[in-house]
Amino acid sequence: LGSSRDSSTSPLGILSGVHNVSQIGFAASSSDLDIKSQFPYYGRTIPSSTNGDATAVVAYLQKYNITKLNVLFVTDAFGSAYQNALQDIAGAAGIETISHSFSFSSDGSNTNGDLEDINNINDNRERKRRRGSEIMLDDIGNPIEEEEESGDDEISSALRALTETQFRYFLAIVAEEHYDFVMDAGP
């Protein structure tokens, strides 16, 4: 049986593939886990949801004629996959997105540069570069910032940057256990 979190399911899925051991996910929903070449022994009991969720968000935005959206996301397997799907689907619908990311360590504390989703680092960096997004990742997948930040400062800085865009709408892609932490860090 696998983990409930996408961020821990990805590394476990890679290990299970290396050792030819089946892994069944009961709650992890990142579409990244659908890549059979990276996760050959991974199966799930629920469908991947990132593309479907992003499509629903874009449909909601279109219904209310929203054309600009700020996105704050955790750089784990789910947050990164969701942000990529949202960016692709929103872009195709003519909705401008500006995204900023931050990280949490495996114990749930905030950390700068702890990118847990190592599987799509180069793909994500190239996609962000192609789309002219505000996010740039270095060679190992860490968000490039002007200054090194840690803890609450990283989230506060991302929230301030989103505020400076003067966009009216904001979407946070975070796990439930991180919600209060993000909301408390607001400017």
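The values are calculated or read from the model by the stated rules, or taken from the named source; none is laboratory data. Model, not experiment: these values are computed from the prediction. Methodologically, a virtual Cβ is constructed for each residue, glycine included, from the backbone with ideal geometry; neighbour enumeration extends over all protein chains shown. These area figures cover heavy atoms from the full protein model, side chains too; ligands, DNA and RNA do not enter into them. Shrake-Rupley method; radii C 1.70, N 1.55, O 1.52, S 1.80 Å.
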Check: Tally time: how many residues in the range 31-58 are of a type in the set (A, V, I, L, M, F, W, C), over 10 Å from A85 (Cβ atoms) and either open to solvent by 30 Å² or more (accessible area, probe 1.4 Å) or outside any loop (DSSP other than H, G, I, E, B) (or both)?
Finding: 4
Notebook entry, point to check: Is there a residue being modelled with pLDDT of 90 or more and out of contact with any Gly (no Cβ under 8 Å at 6 or more places or on another chain) anywhere in the range 43-54?
Noted result: yes
Notebook entry, point to check: Does N84 satisfy being part of a helix (DSSP H, G or I), open to solvent by less than 20 Å² (accessible area, probe 1.4 Å) and closer than 21 Å to A158 by Cβ?
Noted result: yes
Note to self: Looking at the range 10-30, can you tell me whether even one residue there is exposed (fewer than 13 other Cβ atoms within 10 Å of the Cβ) and assigned to a helix (DSSP H, G or I)?
What the structure shows: yes
Item checked: Matching option when the condition is open to solvent by less than 60 Å² (accessible area, probe 1.4 Å) and part of a loop (DSSP other than H, G, I, E, B), among S3, S99 -> S3
